[in-house]
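Structure first, then comments.
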Amino acid sequence: MFDQLIKQTVQNQMSADANSSFAMSGNRLEDSHIVPDVDHSLPAEKNAEIILQQMTLEEKVNMLGGEDNLAIKATERLKLPKVWCSDASAGVRCFQRATAFPVPIAMAATWNRNLLDQAGETIAKECRAKGVSILLGPGVNIYRVPTCGRNFEYMGEDPFLAGELAIPYIKAVQRMGVITTVKHFACNNSDYDRHRINSKVDERTLQEIYYPAFKTAVQRGGTKSVMSSYNPVNGSWASENHELLTRILRDEWGFDGFVISDWISLYSTEGPLKAGMDLEMPKADFLTFKRIKELINKGRLTEKDIDRPVRNLLKTFFEMGIYNRPLKDHQYPEYSEEHSQVSLDTAREAIVLLKNENNLLPLNREAITRIAVVGKMAKETTTCGGGSCCIKSFEPVSILEGIRAVAGDSVEINYIEADLNRLTHSEQKMVEEADVAVVAVGFTSQDESECYDKSWELPYLQSRLIKEIAALNSKTIVTLTTGTGVETESWLTQVPALMHCFFLGEQGGKAVAEVLFGSVNPSGKLPFTMAKKWADFESVKYYVKKPDKISVFRIIGPQGKPKFRRIRDMEYGEKLMVGYRHFDTNRVTPQFPFGFGLSFTSFELSQLSLSETSIPVSRLTEGDKIAATIKIKNTGQRAGSEVVQLYVKDPESSLPRPDKELKGFEKVHLLPGESKEITLQLDFSSFAFFDDNKGQWIAEPGEFQVMVGNSSRNIAEKAILKLG
Ligand code: BGC
């Protein structure tokens, strides 16, 4: 009860944050068209320089701190307009309602690059319509433990998957002239105490697990902005971590955009400016004129230290056209049926069918007369996790509404809320007499949210409910609404069917119903491993013991003031053994493996071949690629999609390596009986590991196994590649 009160306070605080800009602008930004007087045909760098030369020190500093919670200040004298940001990856959170998409972990469960592209483009159109130029997403932090409150905002446990899926999203948003902000850099893998957990991570683990998705987003996605995280990394706040913000991001990866601080995460003035921070949000606490002037007077900073971030901002705004267009673009709608359709398409492909004993699903509408739909989550289906990723949508469809609409008039739907109480006698009878029972369980956006961690188990009353319903009706289907994997071991054997439904956005209920009745054939695959027991994760050995324990001290106010509190170290002692890397290497049987998801049809993978079976390492370092080709056939009776997953194993190496690592994937749609040939490209990075003694990525000569399957635990074909 007390926990709920604290969580509610945090949620209220976060919506107040999101709403504060509304107050300034009547809930909606006014049209405006202010652009600087420059020759816009000149290169962005040139125009940035021209403007920079005209700015006074005060005007420069003015740009380095936000206002109205979500804006970068205007410089009226030089006609530099105010630039607006908005959260985030599942839609446009601020500035009135918008289309709510499935959350990023659900997007990742689609394993479908085209959908990520479409979602990105649609969200960017809504940004343009509303006057938003910077989207504060996508998040690509790695799913290290299943209880992290923000796992739903990220793209799962595998760095390759997260990076690959971030690319189309980023490219789509940015080709619409909206800047993406890849976040939270780096090692913000816990919301238990995000302001004071010092992530202690060794170099190899950073390079192989926690950096790659960011690196891909920068180098191949081309993101123009990166957000630093709240936490310190190896003893230095991410917001003033020179290693992260300059040596890695700019010098090693060649990032040429700007770095935004997470909201209230600067702890000094000189440190961030020297480390590579460009913008303090939501307002200047440390990057103020007074503080900066003092440091300049003392000789600790020079005007060049201020020019650097201002130049980064100006150049990017010119480059993205933000300084050469009206604030709003009226050719795009703020929402539309077409946008909602993209959200629905994404939701359809995100659902992961985890169990389907005796082909209970899909339900046959002709053969069914009565369905019992049980659980509050069916009626009040959570569409997003809590916090800055939660989008206020239009008329979200609940699971109950979806089932009612898709089942049609000939099927009687009996809803039983069964919130806190045991079922009454008549409700029990309803469940017994139903042809099937659908039990909807999961977390609310208050229970699963930014600012604190969530529990590994479902709320007790929900698992009790599952067992109660399963005892009454042997055809019980469970729908799971959450952004993570949860404990299922205590009830899984009692139910014949289970669907992971994530937080699916505004059309989620419809998509769930369509899968139940088979008008959609499920094709989602887990972007994380689901364990039998919490203790089965190697990472939890190094995590807090009771992550879901709430404390006022830790989370009120949500954007904490860490300087008043002690920083605690969190060792990433499992090193590379995150998710399936651990389960597969250490032979721990998962409940459901990474990459797993059932279909109503069946597929066969065969004839894996490599374009070369032996290649010198030098050719790979020069950029040569190897093509892995595989045949996939739909051997069942229905059209469906399968995700072809390619893993690489290095059986012998000078440093220990995980049992296998994902290095390629492709989602393929096939009609019954249809076959296709899929080609996946392998390059140096598919075989290399980070040698921390040498401080570089190396691929060692020897035999590698190239394995293709449809989960990390179901490998259908193998081939050997020799590196010479
Ligand atoms: C979150 C960021 C978000 C920002 C602005 C912070 O609390 O950590 O992800 O973009 O708020 O809403």
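The values are calculated or read from the model by the stated rules, or taken from the named source; none is laboratory data. Just so we're clear, the structure is a prediction, and the values are computed from it rather than from any experiment. We place every Cβ from the backbone using ideal geometry, glycine too, and count neighbours over all the protein chains shown. Quick note on the areas: whole protein, heavy atoms, side chains included, nothing else; ligands and nucleic acids left out. Shrake-Rupley method; radii C 1.70, N 1.55, O 1.52, S 1.80 Å.
Observations on the model:
- Placing a pseudo-label 7 Å from each Cα along the Cα-to-Cβ vector at Ile296 and Glu337 gives an inter-label distance of 5.7 nm.
- Based on alpha-carbon atoms, the Kirkwood radius and the radius of gyration of the chain give Rg/Rh equal to 0.97.
- Excluding same-chain neighbours fewer than eight residues apart, the lysines reachable from Lys545 by a Cα-Cα span under 22 Å are Lys7, Lys200, Lys454, Lys532, Lys533, Lys575.
- Cα centroid separation, the stretch 378-410 to the stretch 488-549 (Å): 17
- Within the assembled protein chains, the solvent-accessible surface assigned to Ile550 is about 20 Å², based on a 1.4 Å probe.
- Ranked by the mean number of other Cβ atoms within 10 Å of their residues, highest first, the peptides 202-212, 92-102, 536-546, 435-445 come out as 92-102, 435-445, 202-212, 536-546.
- Crossing angle, helix 44-54 versus the chain [Cα axis fit, 0-90 degrees, rounded to tens]: 40
- Computed Kirkwood radius, in angstrom, where 1/r is averaged over Cα pairs of the stretch 272-316: 10.9
- Accessible-area rank, largest first, for Tyr460, Tyr154: Tyr460, Tyr154, with all protein chains present and a 1.4 angstrom probe.
- Cut-off 12 Å between beta-carbons: net charge of the residues surrounding Ile368, Lys and Arg +1, Asp and Glu -1: 0
- Placing R0 at 22 angstrom, the Cβ-Cβ distance between Ser410 and Leu461 gives a FRET efficiency of 0.10 after rounding to 0.05.
- Rounded to the nearest 10 degrees, the angle from helix 337-350 to the longest Cα principal axis of the chain is 60 degrees.
- Taking only the Cα atoms of the stretch 603-723, the radius of gyration and Dmax are 15.5, 54 Å.
- With every protein chain in place, the chain: carbon and sulfur % of accessible area (1.4 Å): 48
- Cα→Cβ-extended label distance, 7 Å offset, between Leu655 and Gln13, nm: 4.0
- Accessible-area value, Arg713, 1.4 Å probe, nucleic acids and ligands omitted, Å²: 90
- Free-standing Cys, the chain [no other Cys Cβ under 4.7 Å]: Cys85, Cys94, Cys127, Cys148, Cys187, Cys389, Cys451, Cys501
- FRET E, pair Asp624, Thr56, Förster distance 60 Å, beta-carbon r, rounded to 0.05: 0.70
- In the chain, the DSSP-assigned H stretches of four residues or longer account for a calculated mean residue ellipticity at 222 nm of -8000 deg cm²/dmol, using -39500 (n - 2.57) per stretch and the full residue count as denominator.
- Extension gain, Phe2 back to Asp692 (0.36 nm per residue minus Cα-Cα distance, nm): 243.7 nm
- Residue-span extension gain [His33 to Glu395] - 0.36 nm each, minus C-alpha spacing: 127.0 nm
- Here the stretch 161-207 and the stretch 218-236 have alpha carbon centers that stand 6 Å from each other.
- Based on the Kirkwood approach, the hydrodynamic radius assigned to the stretch 296-437 is 20.8 Å, with every pair of different Cα atoms included.
- Counting only Cα atoms, the size of the stretch 68-199 along its three principal axes is 49, 38, 25 Å, in decreasing order.
- Mean Cβ count within 10 Å, highest first, over the residues of peptides 338-346, 587-595: 338-346, 587-595
- Protection proxy ranking of 511-519, 479-487, 701-709 - average other beta-carbon atoms within 10 Å, highest first: 479-487, 511-519, 701-709
- Estimated dipole of the stretch 603-723 in Debye, rounded to 20 [Cβ of Lys and Arg +1, of Asp and Glu -1, Cα centre]: 380
- With Cα atoms, 0 to 90° folded angle of helix 508-517 axis to the chain main axis: 30
- Between the stretch 246-321 and the stretch 639-656, the alpha-carbon centres lie 41 Å apart.
- Cα-based shape type of the stretch 418-472, given that a ≥ b ≥ c are square roots of the gyration tensor eigenvalues and the cut on a/c is 1.5: prolate
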